[in-house]
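What follows is a set of notes on a single structure, which appears directly below.
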Amino acid sequence: MTLIRSLRSTHFKSPLRSFTTTAQANATGSNFKKPLENKPPLYEILPTKRPFSRILFDLDSRHSYAKLYPVYESVYKSISYDPTQDEPNIPKFITASDLMIMKKALETVRTSTRTTNLHLLGLENELLEKAAEYGNNDAVSLLAYEALMDDKRNSEDKAHAKKLISGLLERNHPLTLKLSGDLCLKNEMYDQALDFYAKFLQVENDTFLASEVYSSIGKIQFQRADLVSARLNFEKAIRTGPIDKVATCHYYLGQIYSESDVWKSRYHLELSASQGFLESFQALGFMELNLFGNVSKAQEWFKLGMELRDLDCLIGIFDCHVKLHNWKDGYRSWKQLQGNLDKDKLAHFEQSRQDSLNLVKLNYKPVAEKMKQLSSLANSDDTVNVEKNNDRWNL
């Protein structure tokens, strides 16, 4: 109860609200207060009943869309800078865990659509704070780490956040163990990260969070070239996580198998690409081009990557044009790279593909240069004719 009471104190709650407001203002590049005052009705920005009900079902929500929508609306209407604004009406049957599920549902919408509606983001933050006030330790942990990582927070806020985190670590709270490991990983403290992750897995080893932990361990081991251990942990991550959350794991497995089993490598890279993981498109393109000799298939993967603005895929397109002796399009791709790559990357590209570029230069000359040559030849013919005519009349 100590942690919950400290979280509910005005001292801790107010800075968190101010942080949320500042972050949202920075995201828009302007004051966020105005959109909040003129916010649209919730039904205009929340997904419709059927897809949102599916999200709630996947999150094992105890309550239906019909029961939760009035709670969403009440919390949404309560978001205001007016200190006299009434608190939201949250029914007694709604628990802290229910509030966290409501928050996670909005987070799922944001991540799956890859778009951020600032009004729904504000609602998501408000639900997180309410869940913390109701005593959900996951919410307490998230808010404490949020305060700890914010450079704009004062030393008193950070000290209070550290106190909350220490209390949760003493209880071996799973999310706090994972977030501590994530923080160590971010700061390249790999041994400490592995220690926190090992403690987490002793408490929880077959959940969605466990999948993320296995993935993080795999990345550390991959970086250390311990590929056998990395492969085992990526495979555990895939077994315990949903397909749309393990695309990175499939990509790493594609890299691991690239030297020993190209068929398995392609299988994992295709699964990664199916979830839109950017790096997988260029990897598949170059694999099809250089290992399987399937230029048309390679072009398909490179074009998909180009739609996501991956310039490495434009390099792959250039290679395909050279392979097909399509000099004109190869020249165009080269010009596109000249306009989009920075100086160092362009120099590396031109050095690594010097032979290909020489072939393009030899076999294709820009239309403007051809027109110049034709014009030059025409002028030369006119001169010759004039000279001949003069000679004839002089006879």
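The distance between label points at ASP195 and ASN294 comes to 4.8 nm (points 7 Å beyond Cα on the Cα→Cβ vector). The order of the peptides 117-129, 179-191, 58-70 by mean Cβ neighbours within 10 Å, most packed first, is 117-129, 179-191, 58-70. Cross-link pairs out of LYS103/LYS163; LYS104/LYS163; LYS162/LYS219 include none exceeding 32 Å in C-alpha to C-alpha distance. Just to be sure I understand the model, the point goes 7 Å from the Cα along the line to the Cβ. What's the resulting THR95 to SER80 distance in nm? Each label point lies 7 Å from its Cα, and together they span 3.2 nm.
When a/c is below 1.5 the answer is rounded, else prolate if a/b is larger than b/c, else oblate, so apply that to the range 64-203 with a ≥ b ≥ c taken from the square roots of the Cα gyration tensor eigenvalues. Kindly include the intermediate steps, with their values, before the conclusion.
Working: a/c = 1.86, a/b = 1.68, b/c = 1.11.
Because a/c hits 1.5 or more and a/b exceeds b/c, the range 64-203 counts as prolate.
Cross-link reach is defined here as a Cα-Cα straight distance under 29 Å, omitting same-chain residues fewer than 8 places apart; for LYS361 the lysines meeting it are LYS297, LYS303, LYS323, LYS328, LYS335, LYS343, LYS345, LYS370, LYS372.
How much length is gained on full extension from ASN117 to LYS335, taking 0.36 nm per residue of separation minus their Cα-Cα distance?
Values: separation 218, 0.36 × 218 = 78.48 nm, distance 3.75 nm.
Extra length from ASN117 to LYS335 when fully extended: 74.7 nm.
Efficiency by 1/(1 + (r/R0)^6): what FRET value for GLU235 and LYS152, r their Cβ-Cβ distance, R0 = 41 Å, to the nearest 0.05? Intermediate results must be reported in sequence, preceding the final value.
Values: r = 41 Å, r/R0 = 1.00.
With a Förster radius of 41 Å, E is 0.50.
Rounded to the nearest 20, the Cβ-based charge dipole of the range 112-188 about its Cα centre (Lys and Arg +1, Asp and Glu -1) stands at 160 debye. Computed about its Cα centre, the charge dipole of the range 291-378 is approximately 380 debye, with only Lys, Arg, Asp and Glu carrying charge at their Cβ.
Report, as a whole number in µm² per second, the diffusion coefficient that Stokes-Einstein gives for the range 188-285 at 25 °C and 0.890 mPa s using the Kirkwood radius over alpha carbon pairs.
182 µm²/s
FYI, it's all coordinate maths here, none of it is from the lab. Keep in mind it's a predicted model, so treat the numbers as computed, not measured. Note that each Cβ is placed from the backbone with ideal geometry, even for glycine, and that neighbours are counted across all protein chains shown.
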